[in-house]
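Below you'll find the structure, written out as structure tokens, and then a few comments.
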Amino acid sequence: MDGLERCICDYVKARYFPRRAATVAFTEADVRFFAPAVAEVSAAFTSERAGRAKNYFNRREFRSAYLLYFVLSNFPKAWQCLAQLDVTGRFAGRNPVRVLDLGCGPGTGMLAAMEYWKAHAQEQRLECLGVDQNGEILADARALFGMRKTAFSRCETRTVAIGWKNLAQILRRERFDIIMAMNLLNEFSDMGARERLVRSLLAYHLTPDGALIAIEPGLQRTTRELMALRDTLLMERDVRIVAPCLHQDRCPMLSHNKRDWCHFYLDWERPKIIADLDRLIGNKKEHLKFSYLVLTASESRNPSPQFRAGIGTSEHLFRVVSAPLRSKGKIELLLCPAEGNDTGRLHRVTRLDKERGPANADLDRVWRGEIVECHAKGQIAREDHFRIVRSKCAL
Ligand SMILES: C[S@@+](CC[C@H](N)C(=O)[O-])C[C@H]1O[C@@H](n2cnc3c(N)ncnc32)[C@H](O)[C@@H]1O
């Protein structure tokens, strides 16, 4: 991300602090100049109770702060979903691959797709369409994309407030291989509107083997709303969840209690600009917290994740959906089961330290989000098999 970080810093300084743009590097004084707005924007996006003005990107301080602080921290989340979907493998031979970034803001999703293709399939043509209600942030999106693009990638933008009713008008009959809705759904207060928007996208704007990636802030409320949306979408047979769920039944965590939320963490090497801003505003963005759904429109052409990973369906397969809970003398985990494996509930497993053995040693390094094979029910004994099958956030 070094190149992108430099590019964002240079761009923000030139566009939003032109008096100082002549100085080459992004200095401590520049960080101090932007820090108050970053603190405000960060509070607006990361607090459970925060409210935001309707079209907040009308304010230039909001745009510059978002560019500096949120593009780099949302980018890895999109990259991770693209990588786990193996998009360049999935769409190998397609020319062009078409990406829709809905509610793109500064184009975080399009940038991630473009950089991903640059790294993995540089000579495949990539056409991105970014749609947002705010023309100013779209100008930023085009500028950033232009600074990073290859000869094989291009982007177009459309300024319009999206709703499920005007989707056909905005997108006409266009279909896309990848649709990204990053941090967009929670901007619709009406859950019904979210559902109709996603259903329309899946039904009319996705190619038959395309996938829709919805990423939301890993906050309790936004994530539980995403979990509820997932359950509602699954009421119709033509929607399939590719990830993070390993099954298509109701979300067992949603009914488990009113408190838990299915979120994940990404490790990252915090870019210098984020670390510098964190130091001033008192944040600690050491991990990236988020929730996500990858959806497809039809079952037949989109094999289940177990199939794709070559690990077959297993009654012993689970996604780890809690942090490992370590207390005196034991470790506990909450597991969400795979298809065909008592999917109506979360499975709690416990291993006493004295039962630690080679067969279950992976319990000592397991993380939230990983896919595991677990042969025990409840208590894991020394000889019980527990193995990490796919590491963090694998689909
Ligand atoms: C939190 S930002 C996310 C930006 C980018 N997707 C990201 O994740 O970094 C949400 C974006 O959605 C846009 N947005 C919200 N409601 C919208 C609507 N009804 N139509 C179009 N854009 C909308 C906002 O203008 C903003 O740019």
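The values are calculated or read from the model by the stated rules, or taken from the named source; none is laboratory data. Everything quoted here is computed from the prediction, not taken from an experiment. Please note: Cβ atoms are built from the backbone with ideal geometry, for glycine as well, and neighbour counts cover all protein chains shown. Ligands, DNA and RNA are excluded from the accessible area calculation, which covers all protein heavy atoms including side chains. Shrake-Rupley method; radii C 1.70, N 1.55, O 1.52, S 1.80 Å.
Roughly what % antiparallel, to the nearest 5, for the DSSP beta bridges in the chain?
Once the DSSP bridges in the chain are tallied, antiparallel ones form about 55 percent.
Rounded to whole Å, give me the distance from the Cα center of the range 36-86 to that of the range 106-141.
Their Cα centres are 16 Å away from one another.
Just to confirm the number: angle between the C-alpha axis of helix 272-281 and the first principal axis of the chain, 0 to 90 degrees, nearest 10?
For 272-281 against the chain, the angle is about 90 degrees.
Let me know the Rg and Dmax you get for the chain when you use only its Cα atoms, in Å.
21.5, 68
Could you go through the range 2-12 in sequence order and give the Karplus-derived ³J(HN,Hα) for each residue, using 6.51 cos²θ - 1.76 cosθ + 1.60 with θ = phi - 60°, rounded to whole Hz, and x for Gly and Pro?
Using θ = phi - 60°, the values come out as 3, x, 5, 4, 4, 4, 5, 4, 4, 5, 4 Hz.
So what are the ³J(HN,Hα) numbers for the range 339-355, from phi and the Karplus equation (6.51, -1.76, 1.60; θ = phi - 60°), rounded to whole Hz, Gly and Pro as x?
Karplus values, whole Hz, x for Gly and Pro: 3, x, 10, 6, 6, x, 8, 7, 9, 9, 10, 10, 10, 6, 4, 6, 9.
What residue among H256, I371, L219 has its Cα farthest toward the positive end of the dipole of the chain, where the charges are +1 on Lys, Arg and -1 on Asp, Glu, each on the Cβ?
L219
Just name one of G163, S153, A323: the one whose Cα is farthest towards the positive end of the charge dipole of the chain (beta-carbon charges, Lys/Arg +1, Asp/Glu -1).
G163
Of T232, T350, which has the most accessible area with a 1.4 Å probe, and how do the rest follow in descending order?
Largest accessible area first, the residues go T232, T350.
Per DSSP helix of 4 or more residues, -39500 (n - 2.57); summed, then divided by the residues of the chain. What does that give at 222 nm, rounded to the nearest 500?
Value at 222 nm, helices only: -11000 deg cm²/dmol.
Two decimals is fine: what is log10 I(q)/I(0) at q = 0.11, 0.18 Å⁻¹ for the range 311-390, from a Debye sum with one equal scatterer on every Cα and no solvent?
With one equal scatterer per Cα and no solvent, log10 I(q)/I(0) is -0.23, -0.64.
First compute the accessible area of the range 311-390 with a 1.4 Å probe, then give the percent of it belonging to carbon and sulfur atoms.
50
Give me the distance between the Cα centres of the range 315-329 and the range 202-267, rounded to whole Å.
20
Sorted by packing (mean other beta-carbon atoms within 10 Å per residue), highest first, where do 111-119, 192-200 land?
Highest to lowest by the protection proxy: 111-119, 192-200.
Taking all protein chains in place and a 1.4 Å probe, what share, in percent, of the accessible surface of the range 2-302 do carbon and sulfur account for?
Carbon and sulfur: 49 percent of the exposed surface of the range 2-302.
Output ³J(HN,Hα) for the range 231-242: one whole-Hz value per residue in order, computed from phi by the Karplus curve 6.51 cos²θ - 1.76 cosθ + 1.60 with θ = phi - 60°, and x for Gly and Pro.
Per-residue couplings from phi come out as 5, 5, 4, 6, 5, 9, 6, 8, 10, 10, 8, 8 Hz.
List every residue whose amide H lies under 5 Å from the amide H of T157, counting only residues 5 or more places away in sequence or on a different chain, with H placed 1.01 Å from N in the peptide plane.
Long-range HN contacts for T157: G130.
Picking from F34, V294, S391, whose Cα lies most toward the positive end of the charge dipole for the chain (charges on Cβ: Lys, Arg +1; Asp, Glu -1)?
F34
Leaving out ligands and nucleic acids, note down the accessible area per residue over the chain with a 1.4 angstrom probe, in whole Å².
Accessible area per residue: 44 Å².
Using every Cα-Cα pair within the range 207-267, state what percent have a distance larger than 13 Å.
It works out to 65 percent of all Cα pairs.
Can you give the charge dipole size of the range 2-302 about its Cα centre, rounded to the nearest 20 debye, using +1 on the beta carbon of Lys and Arg and -1 on the beta carbon of Asp and Glu?
Dipole about the Cα centre, nearest 20: 520 debye.
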